[in-house]
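Undergrad: To start, I am sharing the structure in question, which I have written as structure tokens.
What follows draws every value from the coordinates through simple rules; no lab data is involved. Computed from a prediction, not measured in an experiment: that's the story for all the values here. Positions of Cβ are backbone-derived with ideal geometry, glycine not excepted, and every protein chain shown enters the neighbour counts.
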């Protein structure tokens with residue numbers, strides 16, 4: 001995600017919060033499950049639900065994601081054989 005999105009939102013929103021907010025804005029049934037071990041990160045993640053992204057910002061995020069090439073596997077090969085059994 002380009003820093004410009006964060007700058008337009010205001011410096012108080014983290015990139016992680018904007019990423020979570022964009023997922024929440026896509027569909028009501030999408031429920032991101034971010035992992036954390038620290039209470040402050042949990043609070044930060046929960047605050048993402050209060051961020052309202054404009055349609056222009058959501059389009060910019062979608063466009064940036066469409067231009068991104070994902071490389072490599074999601075899980076190590078040893079773990080992959082246990083998934084979707």
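Undergrad: Which FRET efficiency value, to the nearest 0.05, is calculated for residue 63 and residue 83 with the Förster distance at 22 angstrom and r the Cβ-Cβ distance?
TA: Numbers: r = 30 Å, r/R0 = 1.38.
Result of the calculation: an efficiency of 0.15.
Undergrad: Something else now. Once both axes come from the Cα atoms, what is the angle between helix 55-66 and the longest principal axis of the chain, in degrees from 0 to 90, rounded to 10?
TA: 30 degrees
Undergrad: Now for a different question. To the nearest 500 deg cm²/dmol, what mean residue ellipticity at 222 nm is calculated for the chain from DSSP H runs of n ≥ 4 alone, each contributing -39,500 (n - 2.57), summed and divided by the residues?
TA: After summing the helix terms and dividing by residue count, I get -14500 deg cm²/dmol.
Undergrad: I've got another one for you. If I model a spin label as a point 7 Å beyond the Cα along the Cα-Cβ vector, how far apart are those points for residue 47 and residue 12 in nm?
TA: Each label point is offset 7 Å from its Cα along the Cβ direction, giving 0.8 nm.
Undergrad: So I have (1) 15.2, 44; (2) 12.3, 38; (3) 14.4, 46, and one of them is Rg and Dmax of the Cα atoms in Å calculated from this model. Which one is it?
TA: (1)
Undergrad: Further, regarding this structure: Using only alpha carbon pairs under 8 Å that are at least six residues apart, calculate the relative contact order of segment 3-80 and give it in whole percent. Present the calculation step by step, with values, prior to reporting the outcome.
TA: Working: 36 pairs, mean separation 22.8, N = 78.
The value is 29 percent.
Undergrad: Using 0.36 nm per residue, how much length does the chain from residue 74 to residue 36 gain when fully extended, once their Cα-Cα distance is taken away?
TA: Working it through step by step, the gained length comes to 11.8 nm.
Undergrad: What ranking do 66-72, 38-44, 22-28, 76-82 get when scored by the average of other Cβ atoms within 10 Å per residue, highest first?
TA: Highest to lowest by the protection proxy: 22-28, 38-44, 76-82, 66-72.
Undergrad: By how many degrees, 0 to 90 and rounded to 10, does the Cα axis of helix 15-26 deviate from the longest principal axis of the chain?
TA: Here the helix axis deviates by roughly 80 degrees.
Undergrad: At 7 Å along the Cα-to-beta-carbon direction for both residue 54 and residue 19, put a label point, then send me their distance in nm to one decimal.
TA: That separation, rounded to one decimal, is 2.4 nm.
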